[in-house]
Amino acid sequence: MKSRVSFLKYLYLVLLVLLTARMFSIQASRGSEYSQAAAIQRWRNTKIHTERGDILDRNGIRFTNRHKQYLAIVLPADLLKDASAPGRAAALLGRDADELESAAAASYLPFAVRVSDEQADAIMNAGIPGLCIVEVPVRSSKDMPAAHIIGYVDEKGENGLSGIEKAYQETLKNGGGVFAGLLADAGNKAMEQFGYRILDTTGESRLNIRTTLDFHMQEIVEETMDRMVDRGAVVILDILNGELLAMASRPAFNPADVSRALHDASQPLFNRALGEYIPGSIFKIVTAAAALEKGIPPETTFNCPGYVMAGGLMMKCWNYDTGGHGTLDMAQAFAQSCNSYFIGLGQMVGKRDIVAMAEKLGLGKRTGLYLQGIDEPYGLLPNTMAYASAAEIGNLSIGQGDLLISPVQAARMVSVIANGGILNRIQVIDCVVNDRGEKIRNLRNPAWERVLKKETAETLHRMMMKTVEDGTGRLADIKGFGGSAGKTGSAETGWIQDNRDVLHAWFVGYFPVSEPRYAMCVFIEDGASGGKSAAPVFAEIAARILDLGY
C-alpha cells in the first residue's frame with residue numbers, strides 16, 4: 001500500500017513539473033506567438049497583396065517584381081465618419097461618389113483600388129480620413145524579358161499559369177502578404193475603437209527560383225528581335241554545359257495582360273523556341289556527320305548540274321536556274337548548301353544511318369527541359385523500318401520530308417560541333433535561393449555523352465567556318481569579334497501565300513569561332529532564306545553580346 005501511495009506522489013510531482021514547464025513555455029517563451037495567433041483569429045481583414053518568390057537570372061537579377069504600383073486602401077468605418085470624405089475620395093479615385101459610399105457602407109472590411117502615381121501623390125497630400133496608400137510590387141509588366149519561358153500568373157497574382165511560374169508554383173507561393181483590416185468581437189462586430197491596421201508579413205519566408213538565363217543577353221536578343229524579326233525564335237546555349245542563356249519568341253505578349261493575347265490570330269502566347277518545324281538545310285549537318293562517321297572522306301565529290309534525278313523524280317538544287325554548282329567536295333557543298341551533292345551523299349550513307357545520327361545529335365527526343373518542368377516537344381524523325389525510295393532518302397538528306405525539330409534542339413545540335421562532339425542535357429533551372437541569395441535546394445540535373453568523334457567534330461567545324469567565310473552564311477560573319485561558324489537553312493513548308501511558297505529561315509552557329517563559347521539558333525517563320533533573313537540576326541546578336549565583354 002505504501003509503495004502505491006509513494007508511486008502516486010511521484011507521478012503527481014512529475015505531472016506538476018511538466019504542467020509548470022508547459023505553462024512557462026506558453027506564457028514566457030511563446031507567449032507573444034500565441035497572443036499574435038489569438039489576435040489574428042479576431043482579425044477581419046482583406047488581403048491587399050500576395051507575396052510571391054522572384055524568378056532570377058544566373059546572377060540574381062530579377063525578371064519578376066521589377067516595378068512598383070500604388071494601391072489606395074479604403075477604410076470604410078473611418079471614411080464614413082466624415083460626411084465630405086466619400087465625395088473627396090471618389091474625386092481622387094476617379095469613381096462615382098454614391099457608388100463609393102455604397103461600397104463603404106456595405107461592409108466595414110477595407111478594399112483596395114489601383115491608382116496611378118499621380119493619383120497616389122494627390123491622395124497622400126489630401127489627408128482624407130479612411131483613405132491611405134500602400135506600395136506593392138507588380139509581378140510582371142509589358143517589358144519583362146523572357147516572358148515565354150518565365151510565364152505568367154492569374155489576375156490575383158497567386159497562381160502560376162504557364163512557364164516557370166507554373167512549374168515551380170509550390171516553391172514560389174511561399175511567402176507572406178499585405179493585409180488590411182480591423183479587430184472584431186465574438187459577435188463579428190467591428191471594434192472601431194481599436195482602428196484599422198495594416199499587417200505586412202512579406203519578406204519572412206519567401207523562396208526564389210534562380211535560372212541559368214542571363215538577363216543582359218536576354219535583353220539583347222529581345223531588342224534585336226523587336227527590330228528584325230516579326231515571327232520566329234532565338235535560342236542561346238552555353239556549349240560547355242548545356243545551360244540555356246537566352247530564349248525569346250516573337251510575336252511577344254504582355255504577361256500583365258494575357259487576355260488580349262488569347263484572341264490574337266498571330267498566337268503570341270505560343271513559344272516558337274519550343275515549336276516543331278521542318279529543318280531544311282541545317283539538317284545537312286546530320287547528313288555530313290553520318291557520312292564522316294561512316295568513313296566517307298570529305299574529299300568525295302559529286303557533280304551538281306542544278307538537279308538530281310532520283311527514282312524518276314527531278315529534285316532541284318536552289319541554283320537550278322543558273323546551271324548548278326558543278327563539281328564539289330563535301331566542304332564546298334556544305335558551304336554552298338548544295339542540294340544535289342547532299343542528295344547523292346545521302347544515298348551513300350543510307351536512311352538508317354542518317355536517322356541514327358540525328359538521334360545521336362539529340363533530334364527526335366527531348367532536350368532535358370522537361371525534367372525541370374518545362375513542356376517541350378520530341379520532334380519527328382522518319383520510321384527506319386519502312387522502305388525508303390531514292391527520292392525519300394534524298395529528301396531526308398536535305399532536311400525535308402518527315403522531319404520536325406525545335407529551335408532548342410537545333411541549338412543543342414550545333415553545340416555538339418562547337419564543343420568537340422559532346423551532347424549536353426539542356427538546363428534552365430539552377431536552384432532555389434532565399435532573399436539573401438543563399439542556396440536552399442539544388443535543382444540542376446546535368447548529364448552529357450560523347451556522340452561524335454573529335455575528328456568528325458573538327459571536320460564539321462571547318463565546314464561551318466567555310467560556310468560563313470565564303471558560303472551561304474556570309475551575313476553571319478562577325479570578324480571584328482572573333483568570327484563565327486554556322487549553317488543556313490531554308491525549309492520548304494508546302495504552304496502558299498500570296499502566290500508564293502512560304503519558307504522557314506534558319507541559321508545555327510556558334511561564336512566566337514576562335515574559342516567557341518555560345519551556340520545560337522535563329523529561326524524565322526516565312527523568311528526569304530536562311531542566309532538573308534536569319535544570318536544577319538545571328539550576327540547582330542553575337543556582336544552585341546561580345547561587345548559587352550561576354
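The values are calculated or read from the model by the stated rules, or taken from the named source; none is laboratory data. All figures in this text were calculated on a predicted structure; none of them were measured in a lab. Neighbour counts run over all protein chains shown; Cβ positions are idealised from the backbone, glycine included. These area figures cover heavy atoms from the full protein model, side chains too; ligands, DNA and RNA do not enter into them. Shrake-Rupley method; radii C 1.70, N 1.55, O 1.52, S 1.80 Å.
Data for the structure
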{"read-out": "Efficiency of FRET between R436 and D264 - r from beta-carbon atoms, R0 41 angstrom, step 0.05", "value": "0.50"}
{"read-out": "Share of carbon and sulfur in the accessible heavy-atom surface of the chain [1.4 Å probe, %]", "value": "51 percent"}
{"read-out": "Cα gyration tensor, the range 272-371 - rounded (a/c under 1.5), prolate or oblate", "value": "prolate"}
{"read-out": "Length-normalised contact order for the chain - Cα pairs under 8 Å, 6+ apart - percent", "value": "13 percent"}
{"read-out": "Rh by Kirkwood over Cα pairs, then Stokes-Einstein D for the range 371-472 at 1.306 mPa s and 10 °C, µm²/s", "value": "93 µm²/s"}
{"read-out": "Whole-angstrom gap from the range 333-350 to the range 370-413, using each part's C-alpha centre", "value": "18 Å"}
{"read-out": "Accessible-area order (highest first, 1.4 angstrom probe) of the listed residues Y152, Y277", "value": "Y152, Y277"}
{"read-out": "Dipole of the range 223-368 [Lys/Arg +1, Asp/Glu -1 at C-beta], most positive-end residue of M228, G312, T327", "value": "G312"}
{"read-out": "Straight-distance crosslink candidates among aspartates and glutamates, where the alpha carbon sits under 20 Å from K365 and sequence neighbours closer than 8 are dropped", "value": "D238, E243, E276, D353, D375, E376, D402, E449"}
{"read-out": "Solvent exposure of the chain as accessible area per residue, Å², 1.4 Å probe", "value": "47 Å²"}
{"read-out": "Using alpha carbons only: equivalent-ellipsoid semi-axes of the chain, gyration tensor based, whole Å", "value": "62, 31, 19"}
{"read-out": "log10 of Debye I(q)/I(0), alpha-carbon scatterers only, for the range 446-550 at 0.13, 0.19, 0.24 Å⁻¹", "value": "-0.51, -0.91, -1.17"}
{"read-out": "With Cα atoms, 0 to 90° folded angle of helix 284-293 axis to the chain main axis", "value": "70 degrees"}
{"read-out": "Cα-centre dipole for the chain with unit charges at Cβ (Lys and Arg positive, Asp and Glu negative), debye to 20", "value": "2260 debye"}
{"read-out": "Hits among lysines - C-alpha to C-alpha of K360 under 20 Å, sequence gap 8 or more where chains match", "value": "K284, K294, K351, K453, K454, K487"}
{"read-out": "List S102, S514, S415, ordered by accessible area with a 1.4 Å probe, largest first", "value": "S514, S102, S415"}
{"read-out": "More than 13 Å apart - percent of Cα-Cα pairs taken over the range 480-519", "value": "61 percent"}
{"read-out": "Test item: Cα-centred dipole of the range 236-372, Lys/Arg +1 and Asp/Glu -1 on Cβ, debye", "value": "280 debye"}
{"read-out": "Under 25 Å from K68, Cα to Cα: lysines that are on another chain or at least 8 residues apart", "value": "K47, K142, K156, K166, K173"}
{"read-out": "Calculated FRET value between L548 and L18, using beta carbons and R₀ = 56 Å, to 0.05", "value": "0.25"}
{"read-out": "Three-way shape call for the range 65-132 based on the alpha-carbon gyration tensor, with the a/c threshold at 1.5", "value": "prolate"}
{"read-out": "Considering only the chain, percent of DSSP beta bridges that pair antiparallel, nearest 5", "value": "95 percent"}
{"read-out": "Most to least accessible of W448, W506 (protein chains only, probe 1.4 Å)", "value": "W448, W506"}
{"read-out": "Surface accessible to a 1.4 Å probe, M124 within the full protein complex, Å²", "value": "110 Å²"}
